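Trainee: The structure follows.
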Amino acid sequence: MGGRHRRASEIDGDVDVASGAGLDSVERRAVVLSTLFRIIGTPVVAVAGLVSAGLVIRATGPSAYGVVALVATVGLLLPFADLGIGAVVTSATARSRDPVNDAYALAVIRRAYRILARVTVVVTGIAVVVMMFDGWGTLIGTTTGPEDRLVITIAVALFGVTIPAGLGLRILIGVDRAQLIVVVMVSNSLFALLVTAGMYTGGVRGIWYVLPPLIGALLGNLMGTVLALRVSGLGLSVFRRAAVTMPTKGLLEGSLWLFVVSVGIPFGLQAQRVVLSHLSSPLELSRYALMAQLYGLCWSVFSTAALAFWPIFVKRRGAAEHTVRLWLTSTMGFGLVAMVAAIPLVLLSPWLADVLSGNTIDISSTLAGAFAVLLVAQCVHLPSGMLLTKPTEARWQAGCLAAMAAVTTVAAIAVAPATGAAGVVLVTAGAVVLCQFIPDIAWVPRLVRNRDSEPDASARVELAAAVRIS
């Protein structure tokens with residue numbers, strides 16, 4: 001037999017783990033190391049990111065900086081490009097005790113790489129078509145010059161290549177190696193800084209500075225893939241054809257709703273850039289872009305810490321009450337720490353903006369305070385996002401995100417012309433609380449307790465494969 005086919009109860013509940021009163025030693029190690037690595041890595045990421053931002057502002061000017069930041073963060077604007085498949089890979093890997101000898105987990109990863117390689121081709125093709133029709137100015141709402149057509153197309157193509165490369169990070173999460181993601185993120189920042197510094201020293205100016213963050217992300221993701229395949233034991237087996245064909249129906253079940261969830265993610269922070277680029281001034285967009293970068297330093301600490309809980313929740317799907325208690329504790333913990341982190345975010349951001357921009361981009365206390373409110377709102381929802389990953393739960397999340405996206409879009413369009421960046425951020429925070437956090441508190445315990453004991457998609461696929469193998 002080509003893989004270890006576990007019983008449905010093992011797959012869906014990991015009863016021996018779920019019935020415990022707390023985290024096992026591997027999980028505690030993952031959470032602790034993830035936190036320690038983030039504490040150590042955050043200053044490195046912060047310094048690299050802030051130095052890069054300062055160089056870019058000086059090379060592009062305060063008005064063009066917002067446009068450059070908008071394009072450079074295309075990966076944040078389009079996180080749904082992996083079709084929700086990355087989340088399925090994380091869950092499949094987390095359920096497996098030994099991915100390299102687990103036929104189902106290996107089949108999921110192989111299929112994921114094949115599909116996302118095709119996505120890369122599609123994304124690149126679309127970028128070329130937009131360039132041919134000179135449509136980038138219309139899409140982003142502004143332009144910096146004739147070089148935009150070529151440079152933005154290259155940027156989107158680079159983003160397309162990072163999509164399958166990012167599966168390595170998903171595997172690391174699943175095998176309780178979230179701390180290594182911090183290593184990758186630090187590498188991303190350092191790679192981007194090296195490219196930015198090289199371009200600045202070489203006299204490059206203008207829109208070309210959209211490329212360093214994407215080059216850094218690609219190099220870092222490739223390094224993450226190497227790490228993931230090594231620590232998981234998968235090696236090059238994920239790129240080989242399977243000796244025994246697994247049935248593909250249901251193999252990526254749940255990815256559709258997780259795709260819908262990922263479509264809504266940009267409305268938490270990134271879609272606002274597009275609204276401001278169309279309805280506000282270039283300087284206001286630059287203010288938003290610079291403050292969003294400072295906010296991102298805080299947010300990345302929480303989002304990376306939350307990733308360590310994904311496999312923990314997956315392994316406890318058979319223990320509803322314990323899962324609910326763990327969810328409540330983690331939600332309160334994230335909220336309290338976010339409130340503490342919000343204080344220096346408000347106090348230091350205006351000063352840091354002056355230093356980084358050479359007093360050319362000013363950030364008000366109002367804008368910094370709006371981002372602080374958003375930080376708390378998004379952090380109290382984080383544990384729910386890590387918990388609700390089954391297909392029916394992802395569908396529920398998708399409904400909440402659709403509501404949040406609709407409220408955010410309508411409200412941001414309404415307030416952007418008059419209130420600028422601060423108003424857009426505040427209405428976003430309000431939408432997160434109204435459409436995500438309040439439904440979380442009201443419905444998550446019920447959703448967890450309603451989980452049935454029927455085999456999930458992996459169990460059905462593995463059963464069918466076992467019949468074929470035997």
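The values are calculated or read from the model by the stated rules, or taken from the named source; none is laboratory data. Treat the numbers as computed from the prediction; the structure is a model and nothing was measured. No Cβ is skipped: glycine too gets one built from the backbone with ideal geometry, and neighbour counts run over all protein chains shown. Only protein heavy atoms, including side chains, enter the accessible area calculation; ligands, DNA and RNA are left aside. Shrake-Rupley method; radii C 1.70, N 1.55, O 1.52, S 1.80 Å.
Trainee: Return the only residue of G168, G198 being small (G, A, S), more than 21 Å from the chain's Cα centre (by Cα) and not in a loop (DSSP other than H, G, I, E, B).
Mentor: G198
Trainee: Scanning region 433-456 for residues that are at pLDDT below 50 and not hydroxyl-bearing (S, T, Y), which turns out surrounded by the most Cβ atoms within 10 Å (Cβ to Cβ)?
Mentor: Checking each candidate, the answer is P455.
Trainee: Now for a different question. Can you tell me which of T408, T419 is surrounded by fewer than 23 Cβ atoms within 10 Å (Cβ to Cβ) and β-branched (V, I, T)?
Mentor: Unique residue meeting the criteria: T419.
Trainee: Can you name the condition, by its number, that T153 falls short on among (1) open to solvent by less than 20 Å² (accessible area, probe 1.4 Å); (2) assigned to a helix (DSSP H, G or I); (3) over 28 Å from I413 (Cβ atoms); (4) not hydrophobic (A, V, I, L, M, F, W, C)?
Mentor: It is condition (3) that T153 fails.
Trainee: Okay, moving on. Can you confirm whether A406 is out of contact with any helix residue (DSSP H, G or I) (no Cβ under 8 Å at 6 or more places or on another chain), modelled with pLDDT of 90 or more and farther than 27 Å from L50 by Cβ?
Mentor: Spelling it out, it is not the case that A406 is out of contact with any helix residue (DSSP H, G or I) (no Cβ under 8 Å at 6 or more places or on another chain), modelled with pLDDT of 90 or more and farther than 27 Å from L50 by Cβ.
Trainee: Then there's this: Pairs only if they're at least six apart or on different chains, beta carbon under 6 angstrom, first in region 439-452 and part of a helix (DSSP H, G or I), second of a type in the set (D, E, K, R) and open to solvent by less than 20 Å² (accessible area, probe 1.4 Å); list them, first residue then second.
Mentor: L447/E393
Trainee: While we're on this one: Look at A81 and say whether it is of a type outside the set (S, T, N, Q), at pLDDT 80 or above and either under 21 Å from T329 (Cα atoms) or under 19 Å from the mean Cα position of the chain (by Cα) (or both).
Mentor: no
Trainee: Which one of these does A411 not meet: (1) touching a Gly at 6+ places or on another chain (Cβ under 9 Å); (2) closer than 22 Å to S303 by Cα; (3) free of Cβ contacts under 8 Å to residues at least 24 places away in the same chain?
Mentor: (2)
Trainee: Among L218, L236, L251, which is at pLDDT 85 or above and either surrounded by fewer than 22 Cβ atoms within 10 Å (Cβ to Cβ) or among the charged types (D, E, K, R) (or both)?
Mentor: It is L218.
This table checks each residue for (1) at pLDDT below 85; (2) of a type outside the set (A, V, I, L, M); (3) open to solvent by 10 Å² or more (accessible area, probe 1.4 Å); (4) within 16 Å of L382 (Cβ to Cβ).
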| site | (1), (2), (3), (4) |
| --- | --- |
| L276 | no, no, no, no |
| Y288 | no, yes, no, no |
| W310 | yes, yes, yes, yes |
| G318 | yes, yes, yes, no |
| T329 | no, yes, yes, yes |
| S349 | no, yes, no, no |
| D354 | no, yes, yes, no |
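Trainee: If L139 meets every condition in (1) at pLDDT below 90; (2) open to solvent by 30 Å² or more (accessible area, probe 1.4 Å); (3) within 30 Å of S96 (Cβ to Cβ) apart from one, which number is that one?
Mentor: (3)
Trainee: Going by what's in this entry, would A341 be described as surrounded by 20 or more Cβ atoms within 10 Å (Cβ to Cβ) and in contact with a helix residue (DSSP H, G or I) (Cβ under 9 Å, 6 or more places away or on another chain)?
Mentor: Spelling it out, it is not the case that A341 is surrounded by 20 or more Cβ atoms within 10 Å (Cβ to Cβ) and in contact with a helix residue (DSSP H, G or I) (Cβ under 9 Å, 6 or more places away or on another chain).
Trainee: Of all residues in region 221-241 being without any contact (Cβ under 8 Å) to a residue 60 or more places away in the chain and β-branched (V, I, T), which is farthest from R177 (Cα to Cα)?
Mentor: Selected residue: V226.
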